[in-house]
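Notes follow the structure.
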Amino acid sequence: MGATVIKAAQAVGIEEKPEQKKPVLPGEVEKSIALGRSALIRNQKKAAINLARISKDSDRVRNHIVDEGGLGPLIQMTHSKSLEVQTCAVKTLAELAKTSNNRQKMLENGAILPLLEGLKHKSYEVRGAAVAGLGQIGRLEEARFRVIAEGATQG
């Protein structure tokens, strides 16, 4: 009986369905990063949504995104006119920070400031992702000093 109730709840949208994991296709990271460099919001939206999805896959994929130059477009997308693009970009930065190899690269490439700015964002979702990302990056002692230097203790 329990399974029937769950299926009925899912059918009417009361209970969320489990997220189906799509495989990361060859060239998908590079294509998404290229789209993220676009000035067109619709391209940024496609890139941000896709990068957010694939960044959840594995450490290997998260490292690949950073190694292929994904930090620059993601940092730019945190300043997009689209709230959805901003949200996905900050969430992706937080996911990338989960991998120890990426933390130093994020520190060196200026990912601290967009995450600090995310703490003041009007969206709760962006603020939550910014906290998660800073928490991961904060595992590096050098990062803690950088967060303070870039203004986390001000205002």
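The values are calculated or read from the model by the stated rules, or taken from the named source; none is laboratory data. Here the structure is a predicted model, which is why all the values come from computation and not from measurement. Because the Cβ atoms are built from the backbone with ideal geometry, glycine has one as well, and the counts that use them run over all protein chains shown. SASA here: full protein model, heavy atoms, side chains in, ligands and nucleic acids out. Shrake-Rupley method; radii C 1.70, N 1.55, O 1.52, S 1.80 Å.
Looking only at the stretch 137-152, count how many residues are surrounded by 14 or more Cβ atoms within 10 Å (Cβ to Cβ) and either of a type in the set (Val, Ile, Thr) or in contact with a helix residue (DSSP H, G or I) (Cβ under 7 Å, 6 or more places away or on another chain) (or both). Here the count works out to 8.
State yes or no: is residue 71 open to solvent by less than 40 Å² (accessible area, probe 1.4 Å), of a type in the set (A, V, I, L, M) and in contact with a Leu (Cβ under 6 Å, 6 or more places away or on another chain)? No, not satisfied. Only residues that are in a helix (DSSP H, G or I) and among the basic types (Lys, Arg) were counted across the stretch 93-149, and they come to 5. The set of residues in the stretch 7-47 being modelled with pLDDT of 55 or more, over 24 Å from residue 72 (Cα atoms) and either in contact with a His (Cβ under 7 Å, 6 or more places away or on another chain) or part of a helix (DSSP H, G or I) (or both) consists of 7, 10, 11.
Checking the structure you have, find out if any residue of the stretch 84-104 is surrounded by fewer than 18 Cβ atoms within 10 Å (Cβ to Cβ) and under 21 Å from residue 44 (Cα atoms). Checked the stretch 84-104: at least one residue is surrounded by fewer than 18 Cβ atoms within 10 Å (Cβ to Cβ) and under 21 Å from residue 44 (Cα atoms). Tally up the residues in the stretch 121-136 that are out of contact with any Lys or Arg (no Cβ under 8 Å at 6 or more places or on another chain), under 14 Å from residue 84 (Cβ atoms) and open to solvent by 50 Å² or more (accessible area, probe 1.4 Å), please. Total satisfying the criteria: 1. Take the residues of the stretch 42-68 that are aliphatic (A, V, I, L, M) and open to solvent by less than 70 Å² (accessible area, probe 1.4 Å): which is nearest to residue 105 (Cα to Cα)? By that ranking, first place goes to 66. Kindly indicate whether any position in the stretch 66-75 is more than 24 Å from residue 123 (Cβ to Cβ), in a helix (DSSP H, G or I) and within 14 Å of the chain's Cα centre (by Cα). So far as the stretch 66-75 goes, yes, one or more of its residues are more than 24 Å from residue 123 (Cβ to Cβ), in a helix (DSSP H, G or I) and within 14 Å of the chain's Cα centre (by Cα).
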